[in-house]
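Below is one structure, written out as structure tokens; comments come after it.
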Amino acid sequence: MSEKINDGGPAFPLKEPLTSDCLGMSLRDYFAAKAMQSIVALNCCPATMVAEDAYAIADAMLERRENK
């Protein structure tokens, strides 16, 4: 079984969510989307590489948050 990826929890948490399915995107996905915008602006990479790089940046950001 693969190790669970740290997704950082919800990107925009609510104080008292009604259900767990209303939490929206994870912080990892939010970071990856922001990183992807910059990578795409460079117009230098195929889509699969953009996705890999964006999540690598997101994972590094989450790791840095844990180790500050």
**OP:** Roll a 1.4 angstrom probe over the protein heavy atoms and tell me the percent of accessible area of the chain that is carbon or sulfur.
**Re:** 58 percent
**OP:** Please calculate how many Å² of accessible area the chain carries per residue, with a 1.4 Å probe and no DNA, RNA or ligand atoms counted.
**Re:** 81 Å²
Subject >> Ranked by how many other beta carbons lie within 10 Å on average, peptides 27-34, 4-11, 38-45 from highest >> reply: 27-34, 4-11, 38-45
**OP:** Match the structure shown to one of the listed values (1) 95; (2) 123; (3) 142 of volume of the Cα convex hull per residue in Å³, computed from it, and give that label.
**Re:** (2)
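The values are calculated or read from the model by the stated rules, or taken from the named source; none is laboratory data. Note that the structure is a prediction, hence the values are computed from the model and not measured. All Cβ positions, glycine included, derive from the backbone under ideal geometry; neighbour counts span all protein chains shown. For the accessible areas, the whole protein counts, side chains as well, though only heavy atoms, and no ligand, DNA or RNA atoms are used. Shrake-Rupley method; radii C 1.70, N 1.55, O 1.52, S 1.80 Å.
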